[in-house]
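Chemist: There's a structure below that I have some questions on.
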Amino acid sequence: MTTPNFGEPLNDEQLALLRAVSQACRRSIIEMTACAQSGHPGGSLSVIDYLTLLYTFVISQHNDPVVVSNGHVSPAVYAILGELGVVDKERAVTLFRKPDDVFEGHVNRRVRGVHYSTGPLGIGASVASSFALGNQLSKKMSETVYLLMGDGEQQEGQAYEMMNFAHKYRLSNLVLFVDYNQIQLSSSLEEIMPINIAGHYRAAGWEVIEVDGHDYQAMWNALSRAKTMQMNSGSDAESGRPVCLLAKTVMGKGVSFMEEEASAGRASWHGSTTNKELTEKALSELVITEEQKELISEIGSLKDRIFSYDMVKSGTPVEGFNAGEPREYGVDQKTDCRGAYGNALVDLVGLNMNVVAMTADLAGSVKTDGVKKAFPERHIECGISEQHMVSAAGGLSLRGFIPFASTFGAFMSSRAKDQARVNDINETNVKMVATHCGLSVGEDGPTHQAIDDISSFLGMYHTSVLEPADPNQCDRMIRAIAGVYGNFYVRMGRAKVPTITREEDPSKPFFGGDYVFEIGRADIVRTGKDVTIVASGPMVPRAIEVRELLKDQIDVEVLVVSSMKPFDHETLEKSAKKTGKILTLEDHNVACGLGMIVTQSLEESGICVPVTHMGVRGYQLSGTADELYEIAGLGVKDIKKAVEKLVTK
């Protein structure tokens, strides 16, 4: 059978094939969800006609990426991939939502043909838009990115963040299909939250094509029009527009009793499955003729023609990466880590075409403005859209880019935590750099004090958590994480900090010269035998100052933890055994940061020594960083007193 070209009408044989494949997929969807007694058959049935058309005649030819943002319609995705021989159809049907295989309840990128694991609504939309942007940055203008979303999903704020982003960057290579069945999880759109989907996308500058989502010819014409717009995209205001196919569909299409419920505005089959009797009834309506079986058999396996991006293990060196030469900040130079981050990032972008900077209207504050000035094409401004930024960073990383996404710690760890978590599940390669963390944020007050951000990321399995002690270490840290694959959360304060010097030669920076930052290693910057201060970030200079004040009375060892995860258990264990007493010091909530990590490490090592934890124990008001530290009991005199008390125990 000949495959149609865009712009050509589908012939009778092609239409017959699509009807046959869709019918077979509908049977698989019913069998799949009934076997699991779990899943979402209604939406899967409403969108399967489009997926059949898309995969059979488009993806099979070009292997363009498809992102299914409404990931709960996974039965439809697995069904079409199974019918085309991309995955084992029988396994998909019998092992759906079971722990014996990868066919999870929401689309899983470990399934061949799935490009990103989704679930929380709105996230896949941002990922797809960044795939499209990545193609533009890589000059792959012929490839189209296909995005699928539900209609209720448009209520998510991230959907609006994405639609504005796609318009700004003129992503004419992005085609969105909205499954407009007008039913969401618990009721109709009209009852839950009526929205003007076409109006919103048109207002955002998109081309909106309203189409029957069960009419193959109408959908093919719409896809052809979208492709024509993409290929003819120019510099004028009317071109370069992303396309939204608003497809009127019927929830449960093909199964009479499901269609009846949908026509009454009831969400009976959104997330409910059929019992034995109704399964048999549904399958009796979804009969496949011998002629249809023959048509399907002619397709053959498309496993070698439809595939997705490879998984890369965290810690894998990035091939061809150039870290450049680190900058060095003198011992008399007091500056902020965010400035050092910005300088290092300019160097990396200049040396590596795949490094990009992303921000959310905070370029000057998070210091990505240097990249914006020197390399504007690789400075991606997302607007005040932290959730979109983090998801888009995940998408760019899967397209071969090394994205540095930056905002304030309070926003990265709270507003965009869900997006970072889904990136973690997808094992992406995002470098999240958060500034203005802890009480170091100063005058901005408690709404901007990121004092629980470390704990936001410790529970993620593929994300490392770091915090530099001074600008020199920050410079080397940024270069190090850019050169290895994996997600990182790097936190740093707003205030300027002194350069950490060498114990044996105070005229030289400790983290300068031949120092090499190693992920997962702690550094002893001052040796001692009576007590160990385990400090991080802006607390390190305070720990050193206390050591100097006590040097005639108490011999203090200062251990700098710049890697919370992975954590250096060995260095802590050796220091604890030597001094026999530990004081942890952090600009973070004392209950869920460095102190907690140290306590857990000591317990796991079987070391029982007195431990005192010092950190933030409550929200503070506005003031300079030093003022807030004093009020919070983190002043030098407070630390000195705590060390003295610990030693006398």
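Chemist: So, in region 475-515, exactly how many residues are assigned to a helix (DSSP H, G or I) and in contact with a strand residue (DSSP E or B) (Cβ under 8 Å, 6 or more places away or on another chain)?
Modeler: First, pick out the residues of region 475-515 that are assigned to a helix (DSSP H, G or I): 475-482.
Among the residues that remain, those that are also in contact with a strand residue (DSSP E or B) (Cβ under 8 Å, 6 or more places away or on another chain) are: 477-478, 481-482.
Number satisfying all stated conditions: 4.
Chemist: Conditions first: (1) in contact (Cβ under 8 Å) with a residue 40 or more places away in the chain; (2) closer than 29 Å to MET311 by Cα. GLU386 passes all but one, so which condition is the exception?
Modeler: Going through the list (1) in contact (Cβ under 8 Å) with a residue 40 or more places away in the chain; (2) closer than 29 Å to MET311 by Cα, GLU386 breaks only (1).
Chemist: Find the residue count for region 423-462, including only residues that are β-branched (Val, Ile, Thr), more than 20 Å from the chain's Cα centre (by Cα) and crowded, with 24+ Cβ neighbours inside 10 Å. Spell out the reasoning first.
Modeler: Within region 423-462, the first condition is being β-branched (Val, Ile, Thr), and the residues that meet it are 425, 428, 430, 433, 435, 441, 447, 451, 454.
With the extra rule that they be more than 20 Å from the chain's Cα centre (by Cα), the set shrinks to 441, 447, 451.
Next, only the ones that are crowded, with 24+ Cβ neighbours inside 10 Å stay: 441, 451.
The total comes to 2.
Chemist: Which condition number in (1) in contact with a helix residue (DSSP H, G or I) (Cβ under 6 Å, 6 or more places away or on another chain); (2) part of a loop (DSSP other than H, G, I, E, B); (3) buried (at least 24 other Cβ atoms within 10 Å of the Cβ) is the one that SER129 fails?
Modeler: For SER129, the failing item is (2).
Chemist: Residues in region 341-355: is at least one assigned by TED's automatic domain parsing to the domain that holds CYS474 and part of a strand (DSSP E or B)?
Modeler: Yes; the residues of region 341-355 include at least one that is assigned by TED's automatic domain parsing to the domain that holds CYS474 and part of a strand (DSSP E or B).
Chemist: Here's another thing I want to ask about it. Kindly establish whether ALA323 is aliphatic (A, V, I, L, M) and either assigned to a helix (DSSP H, G or I) or buried (at least 23 other Cβ atoms within 10 Å of the Cβ) (or both). Let's see the steps before the verdict.
Modeler: On the way: aliphatic (A, V, I, L, M): yes; either assigned to a helix (DSSP H, G or I) or buried (at least 23 other Cβ atoms within 10 Å of the Cβ) (or both): no.
Against the criterion (aliphatic (A, V, I, L, M) and either assigned to a helix (DSSP H, G or I) or buried (at least 23 other Cβ atoms within 10 Å of the Cβ) (or both)), ALA323 does not qualify.
Chemist: What is the one condition in (1) on the phi < 0 side of the Ramachandran plot; (2) over 28 Å from the mean Cα position of the chain (by Cα) that ASP310 does not satisfy?
Modeler: If we test ASP310 against (1) on the phi < 0 side of the Ramachandran plot; (2) over 28 Å from the mean Cα position of the chain (by Cα), just (2) comes out false.
Chemist: Confirm whether ARG19 is under 19 Å from GLU285 (Cα atoms) and under 33 Å from the mean Cα position of the chain (by Cα). Don't jump to the end; show me each part of the working.
Modeler: On the way: under 19 Å from GLU285 (Cα atoms): yes; under 33 Å from the mean Cα position of the chain (by Cα): no.
Here the answer is no, as ARG19 does not meet what is asked.
Chemist: Additional query: Cβ-Cβ under 6 Å, sequence separation 6+ or interchain: first residue in region 73-96 and at negative phi, partner of a type in the set (Asp, Glu). Which pairs?
Modeler: Pairs that qualify, where the first residue is at negative phi and the partner is of a type in the set (Asp, Glu), are ARG91/ASP101; VAL93/GLU31; LEU95/ASP101.
Chemist: Is region 327-334 home to any residue that is among the hydroxyl-bearing types (Ser, Thr, Tyr), more than 24 Å from PHE131 (Cα to Cα), at pLDDT 95 or above and over 22 Å from the mean Cα position of the chain (by Cα)?
Modeler: Step one: list which residues in region 327-334 are among the hydroxyl-bearing types (Ser, Thr, Tyr), which gives 329.
So of that shortlist, the ones also more than 24 Å from PHE131 (Cα to Cα) come out as 329.
Now restrict to residues that are at pLDDT 95 or above: 329.
Next cut, over 22 Å from the mean Cα position of the chain (by Cα) only: 329.
Checked against the condition, which is being among the hydroxyl-bearing types (Ser, Thr, Tyr), more than 24 Å from PHE131 (Cα to Cα), at pLDDT 95 or above and over 22 Å from the mean Cα position of the chain (by Cα), region 327-334 yields at least one hit.
Chemist: Do you know which residues across region 122-168 are at pLDDT 95 or above and of a type in the set (Lys, Arg)?
Modeler: Passing the criteria: only LYS168.
Chemist: Within region 484-504, can you find the residues that are under 19 Å from the mean Cα position of the chain (by Cα) and either more than 15 Å from THR407 (Cα to Cα) or acidic (Asp, Glu) (or both)?
Modeler: Taking region 484-504 as the starting set, the residues that turn out to be under 19 Å from the mean Cα position of the chain (by Cα) are 484-491.
Passing the criteria: VAL484, TYR485, GLY486, ASN487.
Chemist: So which residues in region 615-645 are surrounded by 15 or more Cβ atoms within 10 Å (Cβ to Cβ) and either in the same structural domain as LEU439 (by TED's automatic domain parsing) or within 32 Å of the chain's Cα centre (by Cα) (or both)?
Modeler: GLY615, VAL616, GLN620, ALA625
Chemist: Here's something else I'd like to know. Report the residue count in region 412-421 for those that are buried (at least 24 other Cβ atoms within 10 Å of the Cβ), in a helix (DSSP H, G or I) and of a type outside the set (S, T, N, Q).
Modeler: Matching residues across region 412-421 total 2.
Chemist: Something else about it: Checking GLY486 against (1) over 18 Å from MET389 (Cβ atoms); (2) in contact with a helix residue (DSSP H, G or I) (Cβ under 9 Å, 6 or more places away or on another chain): exactly one of these is not met. Which one?
Modeler: (2)
Chemist: In the set LYS645, LYS649, LYS578, LYS641, which member is closer than 29 Å to PHE517 by Cβ and charged (D, E, K, R)?
Modeler: The conditions single out LYS578.
Chemist: Among the residues of region 34-53, is any without any contact (Cβ under 8 Å) to a residue 40 or more places away in the chain, β-branched (Val, Ile, Thr), under 23 Å from LEU246 (Cα atoms) and in contact with a strand residue (DSSP E or B) (Cβ under 9 Å, 6 or more places away or on another chain)?
Modeler: no
Chemist: Having 3 or more residues that are among the aliphatic types (A, V, I, L, M) is the bar; report the helices (runs of 4 or more DSSP H) wholly within region 194-310 that clear it. Reasoning before the result, please.
Modeler: On the way: elements: 197-203, 216-231, 256-263, 276-285, 290-297.
Hits in region 194-310: 197-203, 216-231, 276-285.
The values are calculated or read from the model by the stated rules, or taken from the named source; none is laboratory data. What you see is a predicted model; the values in this text were computed from it and never measured. As a convention, Cβ positions derive from the backbone with ideal geometry for all residues, glycine included, and neighbour counts pool all protein chains shown.
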